[in-house]
1. Over the range B:258-328, what per residue volume does the convex hull of the Cα atoms give, in whole Å³?
2. Sort A:Trp165, B:Trp98, B:Trp72 by heavy-atom solvent-accessible area, probe 1.4 angstrom, most to least.
3. Calculate, in nm to one decimal, what B:Asp234 and B:Arg56 gain on full extension: separation in residues at 0.36 nm each, minus their alpha carbon distance.
4. Modelled label-to-label distance, B:Ala90 and B:Asn301, 7 Å Cα→beta-carbon offset: nm?
5. Modelled label-to-label distance, B:Asp288 and A:Glu57, 7 Å Cα→beta-carbon offset: nm?
6. I'd like the accessible area for A:Tyr88: 1.4 Å probe, protein heavy atoms, all chains in place, Å² to the nearest 10.
7. Calculate, for A:Ala33 and A:Glu111, the FRET efficiency according to 1/(1 + (r/R0)^6) with r their C-beta to C-beta distance and R0 30 Å; round to the nearest 0.05.
8. Given 10 °C and 1.306 mPa s, how large is the Stokes-Einstein diffusion coefficient of the range A:28-183 in µm²/s, with Rh as the Kirkwood radius over Cα pairs?
Amino acid sequence: MPAIPAYARILIKEIATDPHDQTLARLRERIVAFAASRYTREAAEDLAQEVLVVLHEKYGEVTRLEELFPLSLQILRFKIVAMRRKAYRHGEHTQVSVDDLPLAGDGPDPEEMMARQETLERLTAAIATLGERCREIFRLKLQGLSFPEIQKQMRAESLNTIYTWDHRCRKQLLSAMGGRWEK
Amino acid sequence: MNRPEAEKLLGGYATGTLTEAEKAELFSAALDHQELFDALADEEMLREILADPGARQRLLAALPEPQRVSWWGWLRRPAALGLAASLAGALVVGVALWMYSSRADRPVVEMADVRTAPVPAPPENRPQAKAVVQAPPKVSKRQEAKPIAPREEKVELAQPDQLALRARSEASAENRLTDQSAEVKQKAREVRGVIGGVVGGVPAFTPAAPPTALYRIAKEAARAVPIANLERMDSGQARLTVTSPAGGVLYVAARKGSTVDLLTAQQSIAGPSGTTEARYEFPLAGVDAVDLYVLPVAISNPLTLPANGSGGGYYRRVYPDEKTLPKP
């Protein structure tokens, strides 16, 4: 594993001293903990640093948490996929001849597309097992309705009722998919 | 916002339907709680899929909008059909019971009393003829609950000690029925022959009367018995209209518990064929029953009628009920 670049360490220090960027420091801490629960500690730190570097270099103007948070999660996911691909190419799990490796193209990764398609099929099958209310909530969410709008649509007594219903439905859906969205 | 409350917003993250306030609450909580952050990071895969419009459309196609059931569609459901059938059945039964009870409470003497008509007959033959046509009176449950003694109807005629007296009184009443034609009397005798009467101990010739003639005879005979109609006035009064046959002396008594009041007719009009229509009005409150007596002759003390009976004359008791009495 490559060592943490020096500029990234400096960046961390800067973040820690800047009150505005305290959010980034906490974000890094969460990313490291999340990645460490699935990969090695070193890989987790690398992932966190890479996410922060991208945020710093390309999205320096994004400061609002409502935008920064999903953006960092999206970058994290891209980095994780790239890390897996790199590990596969390096033959860390299986030794594959260089001649068998497909050439990288501009289009989407076929493996990733296949995995996404498979997840979508599993998701469709899992949704079909849900109750009528859960399917209705999921349908309204897919139509872009917010929770307050869903509350009006379903004539629920309070917004918290919708939160509770959706939370239970999400648990049921996750359980129907085997506990994880990804296979 | 604490973690459990923030967790409830997770479902809106992947679909991108959280409001700005909800996003701020969820992300702030995720920075404080690692479990929530992990859940959000795992949710990223789902969010990525749902961000694809094609995938959304495919999922929406698998989630058809629940069809709004119209009232006609709802009625056509088996459960609704069963409910409607049950209600209809209950309605029919209710109407039938109401009609039956209202008919039982109607204080009008009907065709069933034809058997008590003063048809001329030899006194020795009367008991046999009466015994054949007597039927047990129908008493409804409400009438049984009344504290007053049950209706006496004409069953009392079957008592041997009163038969002779009744036969004599009917014979005298018959003599006063001057409006009845000879043909009617002849048909009446034929009817008695059909019933099975015995004349002089020898089976009489009993020619069968045609149905039309039998019906006409019965109708003529029904005119000879009093017809009582009890109505409830708006003022709380009751109006009793009695059409008594010619030749009979009518007495009407109102029973209030153990006391008996003899009612006096407010109006008396002579009707066709010698009948008399008498009208009585009295306070309905407290009256348990109204007794009608039609005697062949007048008596000196009518107040003794409840104790001594009708003496072979006509007797009927009607039960006024404020709830069921019709209005005029």
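1. Working: hull volume 9.0 nm³, N = 71.
Expressed per residue, the convex hull around the Cα atoms of the range B:258-328 is 127 Å³.
2. Values: A:Trp165 45, B:Trp98 165, B:Trp72 140 Å².
Greatest to least solvent exposure: B:Trp98, B:Trp72, A:Trp165.
3. Additional length available on full extension: 56.7 nm.
4. Between B:Ala90 and B:Asn301, the simple spin-label model gives 5.7 nm.
5. 11.1 nm
6. 110 Å²
7. That gives a FRET efficiency of 0.65.
8. 85 µm²/s
The values are calculated or read from the model by the stated rules, or taken from the named source; none is laboratory data. Values in this document were obtained by computation on a predicted structure and should not be read as measured data. For neighbour counting, all protein chains shown are included, and Cβ atoms are generated from backbone atoms with ideal geometry for every residue, glycine included. Heads up: the accessible areas ignore ligands, DNA and RNA and are worked out on the full protein's heavy atoms, side chains in. Shrake-Rupley method; radii C 1.70, N 1.55, O 1.52, S 1.80 Å.
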